2 protein chains.
Amino acid sequence: MLGWEDVQSEALRRIQTREWTPGELIPTEQDFADELGCARATVNRALRALAQDGYLERRRKAGTRVAIAPQRMARLSVPLIRHEVEALGAVYGHRVLKQTPGAMPAALRLGLGLSNATPCYTIITLHLSGTRPFALEKRWVNLDAAPGFDAAPLDTISANEWLVQNAAFSHGTLDYSAAPASRFEGSHLGCPEGTALMTLERNTFGPEAAVTWVRISYAPGYHLTLDI
Amino acid sequence: MLGWEDVQSEALRRIQTREWTPGELIPTEQDFADELGCARATVNRALRALAQDGYLERRRKAGTRVAIAPQRMARLSVPLIRHEVEALGAVYGHRVLKQTPGAMPAALRLGLGLSNATPCYTIITLHLSGTRPFALEKRWVNLDAAPGFDAAPLDTISANEWLVQNAAFSHGTLDYSAAPASRFEGSHLGCPEGTALMTLERNTFGPEAAVTWVRISYAPGYHLTLDI
DNA sequence: TAGTGGTCTAGACCACGGC
DNA sequence: CCGTGGTCTAGACCACTAG
């Protein structure tokens, strides 16, 4: 019995040995299925997976071609700071520096599409790797989208983890950039003002509205690593 | 007629509205199919896709559960600088500042697993967005893995694009960090020495050996944006 | 060992899009 | 138009594993 993974392997072999060359039209699903002696659905699943991985380009009527410039995609798991710290072999800790209700800048409210009646919460947290500062986080939370957040035990669980576990979210954006440390960041991260810091801004949206906006400044030496 | 994407949407809705809460066992494929009035295979395809995206955890006999810590993966297409520039609505250009054969630092050779007999090539390129500097790139190329590179017309095609089209590659790593501009970087990127720059180091490996090592320093204002 | 997901099949119809 | 991929279906058997 030929499984779809066998079909995939065979197709991949032909691609990699250039038996099927880039840009070339490969057999139709039915022809390939007949040749291998399996059902068309099995071939479909195999070729669909290869197309998703960028090896093939498929179009109705036009057929399936070997991709000319396979675009490789890197996958980045959305970073949970505690996991980043623990992955480095250190003990994670955090200190809440400040938490106050109801103070979201107007510009931010506009960008997130929130009315000024939306109850908000502001938190500044210092994340620690052992006893050393790891990252400084400033966060606004929409209390409508994350009810109960203002009563969360933020000394025992980080704001991010509480939200991951307790608030529904559907999509968001990550935005990495390099920025000079402010005086405030420098003092907490243990570096001079102006030091180049990796900075992450993250918007997170629930099914209906923005849940939280975060800006994280990582201590010097931070690296974002991905495999392709 | 209910398609698998409809089933997926419905399941996702129940997850995001917490109708199905994290850790909870959801209906079996057969039950869900009966409820929605479609075939089990359709439900299977939908739930399998959601599991692949990290929303669900599936195990034979044990059933399907909503993922407790929904590990969202962001996908990042391997950045081709020309595409980054054009996506911003500008005209891409580049200037080769320096190209010399045979000078790869020993530390780098070791890290890539190359012998010191490996023929190499060094290139420094300034990438332009219109007339403004966009990024400065320093690159070493393993000529064994990319034969003909030393004869490539690098004035008309960038080193990266030539390699993408002419050298097979199988895997690699991306490493983003924030770093202060060197005097050299500052002079070419039009910013003071010490300015915080987003920096990318990329290793690329072919089927047998390292193909190229690159360090790209982006001009101030660069943002790496991902969707989740 | 029984329940659940994983997969294959043969047939059918549909949707897109070259021609 | 009509070929090709995209998908649905009903049924079947298999693989894994919790209880």
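The values are calculated or read from the model by the stated rules, or taken from the named source; none is laboratory data. Bear in mind that the values here come from a model prediction, so they are computed numbers and not experimental data. Glycine also receives a Cβ, built like all others from the backbone with ideal geometry; neighbour counts cover every protein chain displayed.
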Among B:Leu47, B:Leu76, B:Leu2, the single one that is in a strand (DSSP E or B) and either within 29 Å of A:Glu208 (Cβ to Cβ) or assigned by TED's automatic domain parsing to the domain that holds B:Leu163 (or both) is B:Leu76
Those residues of the stretch A:7-22 that are within 15 Å of DNA strand D (Cβ to nearest atom), touching a residue at least 24 places away in the same chain (Cβ under 8 Å) and under 34 Å from the mean Cα position of the chain (by Cα) come to a total of 4
Among residues belonging to the stretch B:9-20 that are within 11 Å of chain A (Cβ to nearest Cβ) and aliphatic (A, V, I, L, M), point out the one that is nearest to B:Arg45 (Cα to Cα).
B:Leu12
Could you say which residue among A:Glu137, A:Glu185 is of a type outside the set (A, V, I, L, M, F, W, C) and not in a strand (DSSP E or B)?
A:Glu185
Positions within the stretch B:41-69 being near DNA strand D (Cβ under 9 Å from one of its atoms) and in contact with a Leu (Cβ under 8 Å, 6 or more places away or on another chain), in sequence order
B:Thr42, B:Val43, B:Gly63
Of everything in the stretch B:21-44, what is surrounded by fewer than 18 Cβ atoms within 10 Å (Cβ to Cβ), more than 8 Å from DNA strand C (Cβ to nearest atom) and closer than 23 Å to A:Asn44 by Cα? Give them in sequence order.
B:Ala39
Being out of contact with any Cys (no Cβ under 9 Å at 6 or more places or on another chain) and either at pLDDT 85 or above or not assigned by TED's automatic domain parsing to the domain that holds B:Trp213 (or both) is true for just one of B:Pro105, B:Pro27. Which residue is that?
B:Pro27
Within the stretch A:158-186, which residues are more than 7 Å from chain B (Cβ to nearest Cβ), of a type outside the set (Ser, Thr, Tyr) and buried (at least 21 other Cβ atoms within 10 Å of the Cβ)?
A:Ala159, A:Asn160, A:Leu163, A:Ala181, A:Glu185
Residues satisfying the stated conditions in the stretch B:23-33, i.e. acidic (Asp, Glu) and more than 10 Å from DNA strand D (Cβ to nearest atom):
B:Glu24, B:Asp31
If A:Ile216 satisfies every condition in (1) in contact with an Asp or Glu (Cβ under 6 Å, 6 or more places away or on another chain); (2) at the interface with chain B (Cβ under 7 Å from one of its Cβ atoms); (3) buried (at least 19 other Cβ atoms within 10 Å of the Cβ) but one, which is the exception?
(2)
Per-region count, the stretch A:8-44, residues polar (S, T, N, Q) and in a helix (DSSP H, G or I):
6
